[in-house]
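Trainee: This is the structure I want to talk about, given as structure tokens.
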Amino acid sequence: MATTEQNVDIRTVEAATLAPAHEACAHYPHLHEELANALEALRASEDVVAIASHELRGPLTSVLGFSARLRKLADRGDFSESVAQQLSTIHSEARRMQDVLDLFLRLAVFDADQFQVHLEELDLREILLAECEAARLEAAAATIEVSFIGSAPFVVRSERNHIRSIISNMVSNALKYGGDPANVAIGAEASSDSVIVSVRDNGDGIADEDVPHIFERFYRSPLSRAGRPGVGLGLYIAQQTAHRLGAEISFDTIPGRGTEFRLRLPVTVPN
């Protein structure tokens, strides 16, 4: 994984650095060849990650399925308490690995310029209530509230899966970096031209030195690296997805008091 100082998008390197270098070194065949080989190695590393993520997804789905069935048997009392706890750990770790693989697969889609959008009219009330319920199941000790402000319809014309992935990332981060226990407020405010979805936590907030890097690819702050799982792709992918949907994602943070992320979406009135 790249460090903060090395956190440079591969395509940016190619466009901003390697391309001019190729032209400048046109009369130096050996150096030109070395640069070409280096670029090919970078592209190959992206392919390896994408292929590995795809190949691992199938077996991991089987692990999740079987562990879920075994957990139901454990809940029925068919196993000892220690075995039940081990099954729970297997299932939760497999889910965490699945989330990481999904991030790498989404990254591969961006890198290959294969991002697709299937527009439909979406009721954000329904999506937010579903995410709230899922979050309560994931973090039973957390306090999670949802509210809706405004009389305009909470309807947007967008892609359901992409919107859910952005909101899910915002809620997941609030649970991960919130207080102990976490207190998460999920809200939506509708106006005549937009719906703003907000997710606020009661955590330590984001340090001033980390604020400019929050949406960078593979960036992880010292706080996030201190015992919290992750690969530094969630917010990068959320921002890239929002941009491709014509939406905007932003945040406000107060060190020691928490962070609020906002997703602004243009609305459409249903026929």
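Trainee: Given the peptides 204-214, 230-240, 95-105, arrange them by the average over their residues of other C-beta atoms within 10 Å, most packed first.
Mentor: Details: 204-214: 14.7, 230-240: 20.1, 95-105: 16.4.
Top of the packing list down: 230-240, 95-105, 204-214.
Trainee: Stokes-Einstein D for segment 120-266 at 10 °C, 1.306 mPa s, Kirkwood Rh over Cα pairs, in µm²/s?
Mentor: On the way: Rh = 15.4 Å.
D = 103 µm²/s.
Trainee: At R0 = 51 Å, how high is the FRET efficiency between Asp111 and Leu73 if r is their beta carbon distance? Nearest 0.05 is fine.
Mentor: On the way: r = 42 Å, r/R0 = 0.82.
Working from the Cβ atoms, E equals 0.75.
Trainee: Okay, next question. Based on the Cβ-Cβ distance from Arg228 to Arg157, what FRET efficiency comes out when R0 is 41 Å, to the nearest 0.05? Before the final figure, lay out each step's value.
Mentor: On the way: r = 35 Å, r/R0 = 0.86.
Here the calculated transfer efficiency is 0.70.
Trainee: Then there's this: Give me the orientation-averaged projected area of the Cα convex hull of segment 199-271, in nm², one decimal.
Mentor: Working: hull surface 23.8 nm².
Approximately 5.9 nm², given one-decimal rounding.
Trainee: Next question, about the same structure. Return the distance in nm (one decimal) between the two label points of a simple spin-label model at Ser82 and Lys176, each offset 7 Å from Cα along Cα→Cβ.
Mentor: 3.3
Trainee: Obtain the nm distance between the two label points defined at Thr89 and Asp102 by a simple spin-label model: each point lies 7 Å from its Cα along the Cα-to-C-beta direction.
Mentor: Calculated label separation equals 2.5 nm.
Trainee: Remind me, relative contact order of segment 120-266 in percent, using alpha carbon pairs under 8 angstrom and six or more residues apart? Could you put the intermediate results ahead of the total?
Mentor: Values: 272 pairs, mean separation 35.0, N = 147.
Result for segment 120-266 is 24 percent.
Trainee: With unit charges on the beta carbons (Lys and Arg positive, Asp and Glu negative) and the dipole taken about the Cα centre of segment 120-266, which residue among Gly246, Leu137, Leu223 sits farthest to the positive side?
Mentor: Farthest towards the positive pole: Leu223.
Trainee: So, one more: Please list, in order, the residues from segment 182-199 whose amide nitrogen is less than 13 Å from a point placed 7 Å along the Cα→Cβ vector of Asp252.
Mentor: Inside the label zone: 198-199.
No value in this document is a laboratory result; all are computed from the given coordinates. Given the structure is predicted, the values throughout are model-derived calculations rather than measurements. With ideal geometry, Cβ positions are generated from the backbone for all residues, glycine too; neighbour counts draw on all protein chains shown.
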